[in-house]
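Quick notes on the structure that follows.
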2 protein chains.
Amino acid sequence: MIYADYNGSAPLHPQVATYLKQRIDKGPYANPNAIHSLGQKMLMGFEKCREICAKALGADSTQIIFTSGASEGISQVFHSVLTPFSQKKNIIISSNIEHSAIGHAWEYYSAMGYEIVLLDTKASGVIDIENFKNTLSAHQGKIALVNIMAANNETGVIQPFSELAKLCSAETIPYFSDTTQLIGKSSFHFEESNIDYAVLSGHKLGALPGVGILIAKDPLSLKPIIFGGGQENGHRGGTQNYIGAETLAVALTSVLSEEEQTQLKITKDLKENFEKNIKKRFPNTVIIGEDVDRLPTTTLISYPGIHGQAVQIELESEDIFVTTSSACSDNEPETSKVLSAMDINDDIGRGVIRISMDTKSDQDSYLKLEEALIQAYSKLEKIKSY
Amino acid sequence: MIYADYNGSAPLHPQVATYLKQRIDKGPYANPNAIHSLGQKMLMGFEKCREICAKALGADSTQIIFTSGASEGISQVFHSVLTPFSQKKNIIISSNIEHSAIGHAWEYYSAMGYEIVLLDTKASGVIDIENFKNTLSAHQGKIALVNIMAANNETGVIQPFSELAKLCSAETIPYFSDTTQLIGKSSFHFEESNIDYAVLSGHKLGALPGVGILIAKDPLSLKPIIFGGGQENGHRGGTQNYIGAETLAVALTSVLSEEEQTQLKITKDLKENFEKNIKKRFPNTVIIGEDVDRLPTTTLISYPGIHGQAVQIELESEDIFVTTSSACSDNEPETSKVLSAMDINDDIGRGVIRISMDTKSDQDSYLKLEEALIQAYSKLEKIKSY
């Protein structure tokens with residue numbers, strides 16, 4: 001099997017699996033808020049996880065809030081920055097390539113009175129900095145929040161998030177970047193990035209599902225959306241998911257280790273070689289965001305005129321699992337809104353499949369993938385030509 | 001070791017531990033929203049968990065929303081019922097024995113304009129039905145929400161939640177009962193209970209931390225607090241915590257099995273015998289809620305004049321882990337507000353320790369506990385008398 005849907009969700013990282021199996025038998029289990037020494041031990045372990053994650057992410061441990069995942073983090077940032085509604089600052093600047101979780105937040109806050117200004121990208125998939133600057137100027141003094149993601153889940157295209165953050169910072173506009181896809185696959189240092197709020201999901205990194213992190217430059221600016229017993233310094237209620245946090249600390253440590261960072265470079269080379277070979281064999285194919293900085297593991301490729309879902313099914317018959325867009329919009333038949341924002345036509349748009357590989361992929365996987373994709377396209381282009 | 005803080009958090013249930021260890025190696029892992037067959041398999045497994053949990057809880061599977069835990073469920077109920085603020089129905093009726101997560105919700109909603117009417121209990125720890133009826137009458141037509149828990153986390157006292165629910169139902173007042181401590185330890189059937197909203201946390205039942213359930217009689221009344229990609233029928237965003245849900249389905253199935261229900265009855269007898277023996281040996285001791293229906297696993301006991309924390313430390317030196325109140329208020333030196341609501345004096349209040357045992361406790365554990373508590377009280381009453 002080749003699992004090529006890491007952007008959707010990663011299997012447990014091998015080191016996490018090993019850790020967890022030992023952890024299950026060894027214990028301990030207790031409420032980290034309990035007065036007894038077992039509870040205190042849990043709390044110390046949990047705080048140690050926070051420190052490990054903080055260090056891995058270039059943040060201070062006070063800036064790390066453990067959540068249930070990126071969607072919760074996103075929701076909390078919006079709630080923290082945007083309530084109560086202020087008539088004076090009623091503009092949210094975002095983009096048409098955001099994850100659907102953000103789309104649902106827009107609906108809620110536009111009903112509250114906010115105006116959402118959505119930017120398209122350049123044809124490359126990258127936000128146009130000049131356009132961004134003009135938009136900031138056009139709404140000067142009225143902007144409540146800017147939220148533009150760091151790396152797109154469908155195309156893998158990396159946005160100039162630090163540059164955008166600096167522009168916002170200069171005008172003291174809160175800047176939130178959805179870093180869910182970037183972290184672990186491309187270098188990230190929260191403090192250096194100048195971002196005000198960032199989020200991640202453990203399951204994208206090989207930790208257990210149901211745990212994530214919200215990083216806040218100024219944690220005091222946060223308002224809880226989950227009330228509780230004062231956990232997470234009052235920023236997030238609920239008994240701490242200490243096992244989730246432990247798996248996240250193990251996953252982040254592994255992913256950012258020198259060894260895996262070296263493997264990531266190899267993956268990048270393998271991917272580029274794979275893309276080159278496919279394009280050579282099928283010159284009609286289009287690789288979305290080909291000429292710009294992308295996640296080293298992601299290929300969004302289209303053979304115009306061949307439906308992406310047909311390709312996905314062909315690959316699946318070879319035990320290779322890809323998607324046609326992001327998991328959350330997979331069932332929509334049209335060109336994804338991300339590709340529309342890049343002004344990509346329907347012929348290409350309907351043809352895409354997303355291949356998102358393990359950061360530690362080997363040559364064999366990419367060779368098998370290449371072979372299977374060549375076979376699929378060869379078969380389907382014949383059918384197409386009838 | 002005797003772990004006697006199950007009300008704080010339960011260790012992984014043995015069956016969950018067995019399941020999880022196999023599950024880690026076997027997989028699969030995928031995003032349940034993905035188009036490929038692995039994703040579909042995950043989704044089917046996840047929906048199967050929902051059915052299992054629904055059946056165990058006496059609810060329809062459409063009424064089950066998977067959350068990150070009870071605190072999230074509590075927060076979502078408040079948000080769903082209380083926003084937007086309505087001047088017409090601006091009263092929340094609750095009690096002084098609720099969990100601190102609810103206390104934080106009150107703060108938020110009273111700042112919004114709601115008036116919180118808090119009921120004390122009778123000396124037994126049980127809500128006074130007559131007082132409750134009078135309160136409903138006094139605020140007729142103005143009540144937005146009633147929230148009174150099902151079983152108290154400190155005392156274990158079980159409230160007449162079905163009776164309260166019926167009174168509310170008759171006047172179409174939404175009734176939310178925090179059932180976190182009750183479920184698994186006492187019989188519960190959502191539909192028969194007449195409750196509109198109930199919640200639970202997996203970690204109280206031996207599932208992984210970081211997963212829970214919100215049960216809603218009318219799920220369409222829910223508004224999400226976590227935006228996402230439309231998961232949970234739009235009621236709760238974020239990639240589903242499928243591993244958490246699996247452990248919860250295993251835990252609930254085990255806890256509610258005939259075998260464990262039989263063990264629970266044995267535990268109840270052992271506990272009653274233990275309490276009787278302690279009272280016989282130390283006639284000064286007070287068992288909170290002694291004469292009313294309590295969780296079969298919980299004993300809140302005080303030796304007036306001997307500080308609870310001293311007892312807790314003595315027991316800990318014998319490798320027995322109890323708390324002085326609930327985990328979330330353990331560090332407060334005063335009599336807990338739950339005991340104040342029962343009009344219990346400080347001399348008793350400061351003396352309490354909470355013993356909350358496994359639902360499948362054996363005679364040996366209770367004998368050791370009895371011996372250790374007798375030893376602790378004997379030692380501490382000597383010091384006290386100097």
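The values are calculated or read from the model by the stated rules, or taken from the named source; none is laboratory data. Keep in mind that this is a model prediction, so the values were computed, not measured. Cβ atoms come from the backbone with ideal geometry, glycine included; neighbour counts cover every protein chain shown. With ligands, DNA and RNA removed, areas are computed over all heavy atoms of the protein, side chains included. Shrake-Rupley method; radii C 1.70, N 1.55, O 1.52, S 1.80 Å.
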Response to the item:
Here the correct list, in nm and shortest first, of distances from A:Lys21 to the same site in the other copies, label points 7 Å along Cα→Cβ, is 1.0
Practice prompt. In whole Hz, with x marking every Gly and Pro, tabulate ³J(HN,Hα) for segment B:220-237 from phi via Karplus 6.51 cos²θ - 1.76 cosθ + 1.60, θ = phi - 60°.
Written response: 5, 7, 7, 10, x, 9, 10, 6, x, x, x, 5, 6, 6, x, 7, 7, x
Worksheet entry | Quotient of Cα Rg and 2.2 N^0.38 Å for the protein assembly as shown, N being how many residues it contains | 1.00
Worksheet item: In terms of Cα to Cα distance under 19 Å, which lysines are near enough to A:Lys122, apart from those fewer than 8 places away along the same chain?
Response: A:Lys133, A:Lys337
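Classify segment B:1-89 from the C-alpha gyration tensor, please: rounded if a/c falls under 1.5, else prolate or oblate depending on whether a/b exceeds b/c.
Numbers: a/c = 2.43, a/b = 1.28, b/c = 1.90.
Because a/c hits 1.5 or more and a/b fails to exceed b/c, segment B:1-89 counts as oblate.
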Worksheet item: Using a 1.4 Å probe, how large is the accessible area of A:Asp346, given in Å² and rounded to the nearest 10?
Response: 80
Practice prompt. Please tell me the relative contact order of segment B:77-173 in percent, rounded to the nearest whole number, where contacts are Cα pairs under 8 Å and at least six residues apart.
Written response: 34
Worksheet entry | Test item: A:76-84 mean partner chain Cβ contacts at 10 Å | 1
Fill in: Whether chain B is rounded, prolate or oblate, judged on the alpha carbon gyration tensor where a/c under 1.5 counts as rounded
oblate
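Rounded, prolate or oblate: which fits segment A:112-226 when a ≥ b ≥ c are the square roots of the eigenvalues of the alpha-carbon gyration tensor, with rounded for a/c under 1.5 and prolate only if a/b beats b/c? Each step should come with its number before you reach the end.
Numbers: a/c = 1.79, a/b = 1.27, b/c = 1.41.
Oblate, since a/c reaches 1.5 and b/c is not below a/b.
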Worksheet item: Taking amide hydrogens as modeled 1.01 Å from N in the peptide plane, which residues meet the under 5 Å criterion relative to A:Val117, leaving out close sequence neighbours?
Response: A:Ile92, A:Ile93, A:Ser94
Fill in: Percentage relative contact order, segment B:253-354, counting C-alpha pairs under 8 Å, at least six apart
28
Worksheet item: By DSSP, what percent of the beta bridges with both residues in chain A are antiparallel, rounded to the nearest 5?
Response: 55
Discussion item. Under a Cβ-only charge scheme (Lys and Arg +1, Asp and Glu -1), can you give me the dipole magnitude of the protein assembly as shown about the Cα centre, in debye to the nearest 20?
Written reply: 40
Worksheet, complete the sentence: Straight-line reach check, B:Lys382, cutoff 28 Å on alpha carbons, 8 or more apart in-chain or any other chain, hits among lysines -> B:Lys271, B:Lys276, B:Lys279, B:Lys280, B:Lys368
Item to complete: Would you tell me the mean number of C-beta atoms belonging to other protein chains that fall within 10 Å of each C-beta in A:63-73, as a whole number?
Response: 5
Discussion item. Using each residue's phi in segment A:106-123, evaluate 6.51 cos²θ - 1.76 cosθ + 1.60 at θ = phi - 60° and report the 3J(HN,Hα) Karplus result to the nearest Hz, with x for Gly and Pro.
Written reply: 4, 3, 5, 7, 6, 5, 7, x, 6, 9, 9, 9, 10, 8, 7, 10, 5, 4
Worksheet item: Expressed as a whole percentage, what fraction of the accessible surface of the protein assembly as shown belongs to carbon and sulfur atoms when a 1.4 Å probe is rolled over the protein heavy atoms?
Response: 50
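Arranged from highest to lowest average of other beta-carbon atoms within 10 Å per residue, in what order do the peptides A:257-268, B:12-23 appear? Working shown, then result.
Details: A:257-268: 14.6, B:12-23: 18.4.
The densest-packed peptide leads the list: B:12-23, A:257-268.
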Worksheet, complete the sentence: For the B:Glu290, B:Lys166 Cβ pair and Förster radius 35 Å, calculated FRET efficiency rounded to 0.05 is 0.80
Worksheet entry | All aspartates and glutamates inside 15 Å of B:Lys26 as judged from Cα atoms, apart from same-chain residues fewer than 8 positions distant | B:Glu246
Item to complete: Roll a 1.4 Å probe over the protein heavy atoms and report the accessible area of A:Asp128 in Å², nearest 10.
Response: 50
Worksheet item: Hey, what did chain B get for relative contact order, percent, Cα under 8 Å, at least 6 apart?
Response: 23
Worksheet item: Ignoring ligands, DNA and RNA, how much accessible area is buried between chains A and B, both sides summed, with a 1.4 Å probe, to the nearest 100 Å²?
Response: 5000
Practice prompt. Report the label-to-label distance for A:Ser37 and A:Asp346 in nanometres (one decimal), using points 7 Å from each Cα along the Cα→Cβ vector.
Written response: 7.0
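What 222 nm value per residue comes from the helices of chain A, counting each DSSP H run with n ≥ 4 as -39,500 (n - 2.57) and dividing by all residues, nearest 500 deg cm²/dmol?
Rounded to the nearest 500, the figure is -13500 deg cm²/dmol.
State the antiparallel share, in %, of DSSP beta bridges confined to the protein assembly as shown, rounding to the nearest 5. It would help to have the intermediate numbers written out before the result.
Working: 40 of 72 bridges.
Approximately 55 percent, going by the DSSP bridge assignments.
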Practice prompt. Put a label point 7 Å from Cα along the Cβ direction on B:Glu258, then list its distances to the equivalent points in the other copies in nm, shortest first.
Written response: 6.2
Worksheet item: B:Trp106 accessible area, nearest 10 Å², 1.4 Å probe?
Response: 30
Discussion item. If amide hydrogens are placed 1.01 Å from N in the peptide plane, which non-local residues have theirs closer than 5 Å to the one on A:Ala151?
Written reply: A:Gln159, A:Gln181, A:Leu182
Worksheet entry | Centroid-to-centroid separation of segment A:220-282 and segment B:351-365 [C-alpha atoms, Å] | 40
Discussion item. Give me a comma-separated list of calculated 3J(HN,Hα) values for segment B:133-141, in order, Karplus coefficients 6.51, -1.76, 1.60 applied at θ = phi - 60°, integers in Hz, x for any Gly or Pro.
Written reply: 4, 4, 5, 4, 5, 4, 10, 3, x
Response to the item:
Taking A:Glu192, B:Glu381 and ranking on accessible area (1.4 Å, protein atoms only), highest first, one gets A:Glu192, B:Glu381
Fill in: Where B:Lys26, A:Lys185 fall by accessible area, highest first, once all protein chains stay in place (1.4 Å)
B:Lys26, A:Lys185
Worksheet item: From the label point of A:Gly58, set 7 Å from Cα along Cα→Cβ, how far away are the matching label points in the other copies, in nm, ordered shortest to longest?
Response: 5.5
Fill in: Residues whose placed amide H lies under 5 Å from that of A:Ile35, excluding near-sequence neighbours
B:Thr324
Fill in: Averaged over B:232-241, number of beta-carbon atoms from partner chains that fall within 10 Å
6
